[in-house]
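The values are calculated or read from the model by the stated rules, or taken from the named source; none is laboratory data. No experiment lies behind these values; they were computed from the predicted model shown. Heads up, the Cβs are rebuilt from the backbone with ideal geometry, glycines too, and the neighbour counts pull from every protein chain shown. Heads up: the accessible areas ignore ligands, DNA and RNA and are worked out on the full protein's heavy atoms, side chains in. Shrake-Rupley method; radii C 1.70, N 1.55, O 1.52, S 1.80 Å.
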Amino acid sequence: MSVQSIAFSTGQLAEVRRLQGLYPDKRGALLPVLHMAQDTFGYVSLEVEEYVASLFGLSPAHVHEVVTFYTLYFRQPRGRHVVAVCHNLSCHLAGAPLILAHLKERLGIDVGETTDDGRITLQAVECLCACEAAPMMQVDDRYEMNLTPDKVDRIVEALR
Amino acid sequence: MSEKILSRNFGVKDSHTLKVYRETGGYTALAQALGREPAAILDEVKKSNLRGLGGAGFPTGMKWSFIPKNHSGPVYLVINADEGEPGTFKDRYLLERDPHALIEGMIIAARAIKSALGFVYIRGEYVEPWRRFTAAVREAYDAGYLGQGFDIVVHRGAGAYICGEETGLISSLEGKKGWPKVKPPFPAIKGAFGQPTIVNNVETICCVPHIINRGAAWFAGLGSKTQGGTRMYSVSGRVTTPGVYEESCAITLRELIERAGGVSGSGRLKAVVPGGSSAPILAAHEIDVVMDVDGLRNAGTMAGSAGVIVFDDTVSIPEALMVVARFYAHESCGQCTPCRESTGWIYKMCHRIVEGKGRKDDLDTILDVAKRGAGTTICAFYDGAVGPYISYIEKFRGEFEALCQR
C-alpha cells in the first residue's frame, strides 16, 4: 500500500465529519473512523494511523496506542475472511479445542496465520457471548454456532 | 416459572421492529413518563429495587440520584452493551430481539437524569446486534420518539473486555485505549467527556418501561426482598438445554439448572460458575442458594452478569481454571502492575499444572499472589480474576495436587 493511495473519498470524508460531530469532543469518533479505515484500506498500517491522526488533529502516537490496544484492528494484511474460534470456558467444555485442531489441520496454518492463497486468517478469541450455542466461531460478520467438524468443513468450503 | 417480562416478545416474529413493539404495548410507558416529573420517575425506579444487571448490582435509582443537582452543563446516559463476561449472552438477545425496549427505557431514564444525549456502546464483535439496534434507532427517529430533546449515538467498540468496566468504557468512548480511571470521581460526578454520566447495562434499562407501566411495587414484588424484578440468566456448559432463562431474582441455582433441563454429560453435577467467569465457583453441594445479588454475596460469590456455567463431574477443574486464567491474562489492560503481572504468571503456572509439570508449591504461590493483589488495582478486573483463582483451587485442591507432584 503506497502512502498516496491512503485517502478517503469525498463522501467518506463527509462521513468522518458527521461522526466527529456526534461526540462532544470529535476524538470520540476515533474508533468508528478506524473501523472505516480498516474496511477501506484492508488493515491499519502505520501510514493509515498517520492519515487518521491527521483527520483528528491527534498525534500518530495516540492513534497507534489506540489501534494496538484493541483486538479488532489488524496491523498486517489479513485473509479475505477471518475465522475466529471462541476458546473460552463454555466453548472449551463443548469441544472448542477439537474445532481449532480441525481447522488448523484443514487449513494447514496455525492460529494467527493466513493461508497462502490469502483466503482465510485463523484466530482463537475470547468469549464472543454465544455460549448457548457452543462451540461457536465468528466468520467475518457472522456468528456460526453449534459447530461440529463437518459443519466447520461446510462453512470453510463456502468461503471464497 | 416467572411471568416473562423482558423476554416476552422473544418468540414473536419481527419482534425487533417498531410495528411489533407498538402492537405489544411498546412506547406506552414513555407516554406516561412524559407526563411525570423527573423526580417522580427517579423515585419510582428507586422503589422498584431495580439493581444493575451488568455485574456490580448497584441500586439503579440510587446511581441516578448521584447526578449533581446544581449541574448546569450536559449530562450523558451511556448504555453498556459491551457484553463480554464469559458465560453471558443475554444482552445480545435483547439488542437483537427487543431493541425498542432499550430505546424506550433510555428515553425515560434520560428524562429522570435530565440528559439530552445517550450513547450505546456495543462490542465490536456484535455486528448483527449493532445492525439491528441501529435500524431500530432509525425507526425511533422517524417515528419522532428520538430527536425531541433526546438523541442516541450508537458506538461500536473494537474488541477489549475491559471496556465493559464503566470507566474503561468511558475512556474508549472518548477515543482512547480503554484504560479504567481512578474513582472517585465517579462517573455520575465526572464521567464521559468530563461531564456527569450514568452508565447502565442494557438489561437494566430494558426494565424501566415495565416499572413505569406497572409500578414499582409490582416490579419489586417479582424479585427478592432486596432486588426487584426478573432477570435474564444465561445458562451454558453441561446442561441439557442451554439458553437465556428469564426468572425471578429469587430463584435458587438448583431450580435454575432444572429449568435448563438439568445437568448433561455424566448427569452428575460437580460445580457451577454462578455469575460469569469472575464469580467464585460453587461446588455441587452449594447450589441451594438464592440467585439475587445478596444471596450470592452471602454465599461468598457474586451474581455478576448472571452467566451460569455448569460443570458435570467429568470436567477437569485445573483445565477449566487454565482456560479462565488465559482469558484474564489476555484481557488485563496492563495499567496496574499487580494485575498485569499476576494474570500473566498465574496463567503460565496453570498451564504448567495442566501439562502435569506442576510443582508442589505452585498452588500456594498462586493463592499467595492472588490474595496479595486483590483490592490493590484501579478497577475490579483483577478482583474478578482472583475470584476463580482462589475458589477453584481452594474448593478442588485435591484435583490440582494430583497434577503437582514435582
task: Please list B:His330, B:His285 in order of solvent-accessible area, largest first, computed with a 1.4 Å probe with all protein chains present.
output: B:His285, B:His330
- request: Rank B:Ile152, B:Gly73, B:Phe219 by how far each Cα sits towards the positive end of the charge dipole of segment B:18-222 (+1 on Lys, Arg Cβ; -1 on Asp, Glu Cβ) and give me just the farthest.
  value: B:Gly73
Cut-off 13 Å, label 7 Å out along Cα→Cβ of B:His330, residues of segment B:142-172 by amide N: B:159-162
message: What percentages make up the Cα-Cα pair-distance distribution of segment B:1-143 when the bins are 5 Å wide from 0?
response: 2, 9, 17, 21, 22, 18, 9, 3, 0, 0
statement: Any residue on another chain or 5+ positions along whose placed amide H is under 5 Å from the amide H of A:His81 is listed here as A:Ile120, A:Thr121
query: In the neighborhood of B:Arg352, defined by Cβ-to-Cβ distances under 9 Å, what is the net charge if each Lys or Arg adds +1 and each Asp or Glu adds -1?
result: +1
message: Can you give the FRET efficiency to the nearest 0.05 for A:Glu47 and B:Met62, using r as the Cβ-Cβ distance and R₀ = 41 Å?
response: 0.25
Per residue solvent-accessible surface (Å²) - chain B, probe of 1.4 Å: 36 Å²
field: Bins of 5 Å, starting at 0 and running to the largest distance - Cα pair percent for segment B:229-357
entry: 2, 11, 19, 20, 18, 14, 10, 5, 1, 0
- prompt: For B:Trp218 and B:Lys357 in the same chain, what is the full-extension length gain: residue separation times 0.36 nm, less their Cα-Cα distance, in nm?
  reply: 44.4 nm
statement: Computed curve, the protein assembly as shown, Cα-only Debye sum without solvent term, log₁₀ I(q)/I(0) at 0.05, 0.07, 0.09, 0.11 Å⁻¹, is -0.20, -0.40, -0.67, -1.03
message: I'd like the accessible area for A:Asp117, computed on protein heavy atoms only with a 1.4 Å probe and all protein chains in place. Round to 10 Å², please.
response: 90 Å²
task: Mind checking which of B:Asn298, B:Pro318, B:Leu282 is farthest towards the positive end of segment B:267-335's charge dipole, using Cβ charges of +1 (Lys, Arg) and -1 (Asp, Glu) about the Cα centre?
output: B:Pro318
task: Take A:Asp153, B:Asp14, A:Asp116 and sort them by solvent-accessible surface of the protein heavy atoms, 1.4 Å probe, largest at the top.
output: A:Asp116, B:Asp14, A:Asp153
- prompt: Dipole of chain B, Cα-centred, from +1 at each Lys and Arg C-beta and -1 at each Asp and Glu C-beta, to the nearest 20 debye?
  reply: 560 debye
Neighbourhood net charge (13 Å Cβ-Cβ; Lys/Arg +1, Asp/Glu -1) for A:Arg119: -1
- prompt: Under a 1.4 angstrom probe, counting protein chains only, how are B:Thr17, B:Thr230 ranked by accessible area, largest first?
  reply: B:Thr17, B:Thr230
query: Of all the Cα-Cα pairs you can form in chain B, what percent are over 39 Å apart?
result: 17 percent
query: Who wins for biggest fluctuation among A:Glu113, A:Glu105, A:Glu144 in a Gaussian network model of chain A, springs between alpha carbons below 10 Å?
result: A:Glu105
field: Karplus-derived 3J(HN,Hα), 6.51/-1.76/1.60, for each residue of segment B:218-231, Hz, glycine and proline x
entry: 4, 5, 4, x, 6, x, 9, 4, 10, 9, x, x, 9, 8
- request: Assign unit charges at the C-beta atoms only (+1 for Lys and Arg, -1 for Asp and Glu), then state the dipole size of segment B:331-403 relative to its Cα centre in Debye, rounded to the nearest 20.
  value: 100 debye
query: Net charge near B:Glu83, counting Lys/Arg +1 and Asp/Glu -1 over other residues with Cβ under 9 Å of its Cβ?
result: 0
- prompt: Against the longest principal axis of chain B, how steep is helix B:127-142, in degrees 0 to 90 to the nearest 10, with axes from Cα atoms?
  reply: 10 degrees
field: For residues of B:242-251, the mean tally of beta carbons on other chains within 10 Å
entry: 1
query: Based on Cβ point charges of +1 for Lys and Arg and -1 for Asp and Glu, what charge dipole magnitude is obtained for chain A about its Cα centre, in debye rounded to the nearest 20?
result: 320 debye
query: Among B:Met302, B:Met106, B:Met62, which one shows the biggest mean-square fluctuation in a GNM of chain B, springs joining Cα atoms closer than 10 Å?
result: B:Met62
